[in-house]
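Note sheet for the following structure.
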């Protein structure tokens, strides 16, 4: 019986190892990190939707030869966007005859590159702007340096969210295997990671609303968990 128990545990351990490793995609970033299928899919969908929204919004201005836009702003921003968010910008490069020298260009801030303005996971919006009829009502309350720092805090939140999802996947498998010990351990792990996430958000938001709890990012597919903290 002891040998049988050991074999069963070895099988469970192998399954848990596969769960922890996750399904990997063929996408490898510059740092050599291979993206998971889940992370890659989320990024592709988010980027595609944002890009389609941007193209629909700016197509009309292109039809009328407009080249200026007001860029929205966020409390957290990548470096490429931080210095021009909230400002009027050129949607054409500096060597374009229609370029307005009074304003910066998105082409000076990595436009067309994955990490640049309107790149992967960029959530900024661009609103057509005419000097004769429009006023820029975007007034950022953070400096570019603060926005970049906040983006780092936001990435820390994303790490906690991923760790919560990972623990929930392990819990799901433990329930399927009827592994009571792992079920208890996984529930404790989930609770601890959620507590750390709450503490992070509370600490960061002491003075300004920078981070927001997003339960969707903590969910796994077809979850049966009922408690709000375990959704």
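Before we move on, is residue 168 touching a residue at least 12 places away in the same chain (Cβ under 8 Å) and more than 30 Å from residue 55 (Cβ to Cβ)? Criteria met by residue 168. For the stretch 108-142, which residues satisfy the criterion of being modelled with pLDDT of 90 or more and on the phi > 0 side of the Ramachandran plot? Those that are modelled with pLDDT of 90 or more and on the phi > 0 side of the Ramachandran plot: 110, 118. Taking the criterion of being buried (at least 16 other Cβ atoms within 10 Å of the Cβ) and closer than 15 Å to residue 156 by Cβ, the residues of the stretch 167-212 that qualify are 193, 194, 197, 200, 201, 204, 210, 211.
Quick one: which residue in 183, 164 is part of a helix (DSSP H, G or I) and within 23 Å of residue 8 (Cβ to Cβ)? Quick ask: steps written out before the conclusion?
On the way: 164 fails: within 23 Å of residue 8 (Cβ to Cβ).
Step by step, each of 183, 164 is checked, and only 183 is part of a helix (DSSP H, G or I) and within 23 Å of residue 8 (Cβ to Cβ).
Looking at this structure, is residue 12 at pLDDT 70 or above, closer than 20 Å to residue 170 by Cα and surrounded by 14 or more Cβ atoms within 10 Å (Cβ to Cβ)? Yes: the conditions hold for residue 12. Every listed requirement among (1) farther than 20 Å from residue 40 by Cβ; (2) free of Cβ contacts under 8 Å to residues at least 40 places away in the same chain is met by residue 142 save one, (2).
Have a look at 43, 2 and point out the one that is within 18 Å of residue 155 (Cβ to Cβ) and either under 23 Å from the mean Cα position of the chain (by Cα) or at pLDDT below 75 (or both). Spell out the reasoning first.
Details: 2 fails: within 18 Å of residue 155 (Cβ to Cβ).
That would be 43, the only listed residue that is within 18 Å of residue 155 (Cβ to Cβ) and either under 23 Å from the mean Cα position of the chain (by Cα) or at pLDDT below 75 (or both).
The values are calculated or read from the model by the stated rules, or taken from the named source; none is laboratory data. Since the model is a prediction, treat every value here as computed from it, not as a measurement. No Cβ is skipped: glycine too gets one built from the backbone with ideal geometry, and neighbour counts run over all protein chains shown.
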